[in-house]
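Throughout, read-outs are computed from the coordinates displayed, never taken from laboratory work. All figures in this text were calculated on a predicted structure; none of them were measured in a lab. Neighbour counts are summed over all protein chains in view; Cβ atoms, including those assigned to glycine, are modelled from backbone coordinates with ideal geometry.
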Amino acid sequence: MTGAPLIHLEGITKTFGQGAAAFQALKGVDMAIAEGDFVAVMGPSGSGKSTTMNILGCLDVPTGGVFRFRGVEVQSLDRDQRSLLRRKYLGFVFQGFNLLARTTAVENVELPLLYRGETAKDRRAAAMRSLDKVGLAPWADHTPAELSGGQQQRVAIARALVTDPAVLLADEPTGNLDTERSLEIMELLTDLNRQGITILMVTHEEEMAAYAKTIVHFRDGLVERVERGHRSGAPLEDV
Ligand SMILES: Nc1ncnc2c1ncn2[C@@H]1O[C@H](COP(=O)(O)OP(=O)(O)OP(=O)(O)O)[C@@H](O)[C@H]1O
Ligand SMILES: [Mg+2]
């Protein structure tokens, strides 16, 4: 890809609270993410990783600085345009899965499609394709309680993928999983990245970050260091 990066943060600041209670969580974050990248965001607790992810996901707005998505200044968009951008281009995966409890896997995956004017039949077909991508089609009719932690996280990923996003934002997607399940999720993310989805993932674990192409290290509300060309393929040998 040439030209502007997919995502560009310039001098992003974020202050929570006001007056004496004000706290500056981000102090001028600069970050450029190319289309097709797989970025691991690392750094100590409280360094501003989730705050940055929330801004990238249009779930929160920065106090200062410029956030460009595909060259468009996101601050210049109104609330409706921002939520349109979010629904059209972005998929989210959170540590806690956020699945509806008494709702089957396939119904959970369908949720982001309810905003669109599609028929129930089309929604179901899209949700099944998405579940199939994460290897869970046979579990479509099971509720979260009937699925393992790793399977629940796969459902959450399928839900994020169902709208065909350009970017997948994952805040500690393996935070609740054991190592084996975590590595399976990393293999899945690597696979999705190979299919062209740009991935940004927050993780505390080196072992998971090793799957990324780029590692961005946060410290005290700033990007401290960026490691590039980290991975050419998966950490295990590609055959
Ligand atoms: N809504 C909020 N109101 C006030 N302060 C907040 C808010 N959200 C975050 N903060 C503060 O901003 C700082 C950065 O928080 P953030 O959640 O981005 O950290 P993090 O790097 O994701 O940490 P962790 O690894 O623990 O998830 C923290 O000191 C936090 O207390
Ligand atoms: Mg966090």
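Among the residues of segment 172-208, the ones that are within 16 Å of ligand 1 (Cβ to nearest atom), within 18 Å of Ile33 (Cβ to Cβ) and hydroxyl-bearing (Ser, Thr, Tyr) come to 1 in all. Among the criteria (1) surrounded by 15 or more Cβ atoms within 10 Å (Cβ to Cβ); (2) more than 22 Å from Asp37 (Cβ to Cβ); (3) in contact with a helix residue (DSSP H, G or I) (Cβ under 8 Å, 6 or more places away or on another chain), the one Thr104 does not fulfil is (3). Note on segment 33-66: residues that are surrounded by fewer than 21 Cβ atoms within 10 Å (Cβ to Cβ), away from ligand 2 (no atom under 16 Å from the Cβ) and more than 16 Å from the chain's Cα centre (by Cα) amount to 5. Looking only at segment 154-166, which residues are touching a residue at least 12 places away in the same chain (Cβ under 8 Å) and either of a type in the set (Asp, Glu) or in contact with an Asp or Glu (Cβ under 9 Å, 6 or more places away or on another chain) (or both)? Result: Arg154, Ala158, Arg159, Val162, Ala166.
Look at (1) in a loop (DSSP other than H, G, I, E, B); (2) on the phi < 0 side of the Ramachandran plot; (3) loosely packed, with under 15 Cβ neighbours inside 10 Å and you find that Gly135 fails only one, number (2). Taking helices (runs of 4 or more DSSP H) as the structural unit, those lying wholly within segment 19-118 and holding at least 1 residues that are away from ligand 1 (no atom under 16 Å from the Cβ) correspond to 79-89, 105-110.
Scanning segment 155-196 for residues that are more than 10 Å from Gly91 (Cα to Cα) and among the β-branched types (Val, Ile, Thr) yields a total of 5.
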